[in-house]
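**Q** Got a structure for you, questions after.
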Amino acid sequence: MTDIANISTLDRASVLHPFTQLKDFASGKAGDPTIVTGGKGVRIQDATGRELIDGFAGLYCVNIGYGRTEVADAISRQAHQLAYYHTYAAHTTDELAILADRLVRMAPGKASKVFFGMSGSDANETQAKLVWYYNNLRGLPKKKKIISRQRGYHGCSVFSGSLTGMSFYHDHMDLPYGGVLHTGSPHYYWNAETGEDEEAFSRRRAAELNALIEREGPETVGAFIAEPVLGTGGITPPPAGYWREIQAVLRRHDVLLIADEVICGFGRTGAPFGSHLYGMEPDLVTVAKGLTSGYVPLSGAIVSEKVFKVMEDGADRVGSFSHGYTYSGHPIAAAAANAVLDICEKENLTEHARTTGAYLQRQMAAAFSQLDIVGEVRGVGMMSALEFVADRSTKARFDPSLKVAARISQAARDRGLIARAMPHGDILGFAPPLVMTEAEVDDMIAIASAAVRQVMDELARG
């Protein structure tokens, strides 16, 4: 039995929690930490014995669900055989070589090699260095700027945090760092002009990207990084024609495409990768989260044949590839990833996400699309979001002080569901484990519906 009071005291005194109001937590005003003690399937359990449906799979991570002993067994076997060795100077392990081969074969585009790290943030740091390295080797030392999108999320480290297109990740932290540009969000609901259909909106966004590249000088722009579906920026699928139009601009100006598949990869969209679903042909692909279902930290920067050929051809001139982390290709993480991918293949979780995801999207629309405070119901595969507005006809937003999405999230939690109040507006996000059944989808939506209606009643009374 967990000593809840003691653990809470220790935690409050010593843990610096991400995305937590530090003063409120330290003083106890924000309440005690949630002490998570276990999980099975789509549910977690806290130290009080309470079970909650995890409608966000941790942080989009736990695709295979909690409590999979197959992964624990793989971790144990590897730890008993060889807990650690580095990958510098061409050292490897059998699990790592097998994993890299699997990723090269399954990745979108024409993949050649995989560089391993520990998180999506460090993988995108690697991608930036690869862009700079690639263009230095090509004799194009000015072609270094990287374009991201407003509301895109690519991490929280110094450079990946700069790529992230949300100001609250930058405020008071001296970000964004140099060499990063931002172009418009692909969110049709908020950004379309009157009378503009999705195809026309996509063409306009592509024209704006083209104008930005030409204004900066194509000889200075090295890459464009984007998630196939915006994740933390609001769980927003791209409008019709978007990726066709964007890729045409990138090819015109010899700009690399980095597909940030940290959220979309490994079946979450109902396709193997989001790039497959939307016809993207990336030069670099970032993976993490679902790669190990969050069971241990692991990320990958997948490098295309086109980029690696330049690196290989330049090796005699520049010497060794001087980039790496102590834990790159960690044997335990590689073993866990192979066990996770085995489960994904055996249980055909990508197809399950496609069919159950279609059910999720239908049920979300049926439950919420006609509610007065819901401006948009959107999503794809096992990702969905509700955007709340004060007036549907004018799209007027709620006063931020009302904290509508946060209140709905808390009301859902009080009823046994974790759904995420997204950080960029009044948005409630869902990204449950891919193993969720239709019956569990119904349970999740029933709780969310009760939470939304509770806050609607509070707003009406207010």
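**Q** Sort the stretch 74-151 into rounded, prolate or oblate with this rule: let a ≥ b ≥ c be the square roots of the eigenvalues of the Cα gyration tensor; rounded if a/c is under 1.5, and if a/c is not under 1.5, prolate when a/b is larger than b/c, oblate otherwise.
**A** Cα axes put the stretch 74-151 in the prolate bin.
**Q** With the crude spin-label approximation of a point 7 Å out along Cα→Cβ, what separation in nm comes out for Q370 versus R461?
**A** A separation of 2.6 nm, rounded to one decimal place.
**Q** On to the next question. Show the residues, 5+ positions off or on another chain, whose built amide H is closer than 5 Å to the amide H of D254.
**A** Correct list: empty.
**Q** Also: Going by the alpha-carbon gyration tensor, a ≥ b ≥ c the square roots of its eigenvalues, is the stretch 210-258 rounded (a/c under 1.5) or, if a/c is not under 1.5, prolate (a/b greater than b/c) versus oblate?
**A** Prolate is the answer for the stretch 210-258, as a/c is 1.5 or above and a/b outweighs b/c.
**Q** Out of residues 5 or more away from V389 or on other chains, whose amide H comes under 5 Å of its own, with H placed 1.01 Å from N in the peptide plane?
**A** For V389, whose amide H was placed from the backbone, the distant partners under 5 Å are V374, G375.
**Q** Now for a separate question. First select every other residue whose beta carbon is under 10 angstrom from the beta carbon of G416; then total the charges, Lys and Arg +1, Asp and Glu -1.
**A** +1
**Q** Something else now. For the ranges 81-92, 430-441, what's the packing order if you count other beta-carbon atoms within 10 Å of each residue, average per peptide, and put the highest first?
**A** In decreasing order of mean packing, 81-92, 430-441 become 430-441, 81-92.
**Q** Gap in Å between the Cα centre of the stretch 406-431 and the Cα centre of the stretch 1-73?
**A** After rounding, the separation between the Cα centres reads 16 Å.
**Q** Now for a different question. Set the Förster radius R0 to 41 Å, insert the Cβ-Cβ distance between T34 and H91 as r into 1/(1 + (r/R0)^6), and round the FRET efficiency to 0.05.
**A** Step by step, r from the Cβ atoms, then E = 0.55.
**Q** Dividing the convex hull volume of the alpha carbon atoms of the chain by its residue count, what do you get in Å³ per residue?
**A** In the chain, the Cα convex hull volume per residue is 153 Å³.
**Q** Another question, then. Pull out the extension gain between S401 and K309, defined as 0.36 nm times the separation in residues minus the alpha carbon to alpha carbon distance; nm, one decimal.
**A** 27.8 nm
**Q** For a 24 Å ceiling on Cα separation, which of these pairs sit above it: K143/K306; K143/K309; K110/K142; K289/K395?
**A** Going by Cα-Cα distance, K110/K142; K289/K395 fall outside the 24 Å limit.
**Q** On full extension of the chain, what length is gained from T355 through R12, given 0.36 nm per residue of separation minus the C-alpha to C-alpha distance?
**A** 119.2 nm
**Q** Please give the Cα centre distance for the stretch 366-405 versus the stretch 128-195, rounded to the nearest Å.
**A** Each part reduced to its Cα centre gives a spacing of 27 Å.
**Q** What residues have an amide H closer than 5 Å to that of K145, excluding those fewer than 5 places away on the same chain, when H is modeled at 1.01 Å from N in the peptide plane?
**A** V221, G222
**Q** For the ranges 61-73, 4-16, what's the packing order if you count other beta-carbon atoms within 10 Å of each residue, average per peptide, and put the highest first?
**A** Taking the mean over residues of other Cβ atoms within 10 Å, the ranking is 61-73, 4-16.
Coordinate-derived values only; no laboratory data. Everything numeric here is computed off the predicted structure, so don't read it as measured data. We place every Cβ from the backbone using ideal geometry, glycine too, and count neighbours over all the protein chains shown.
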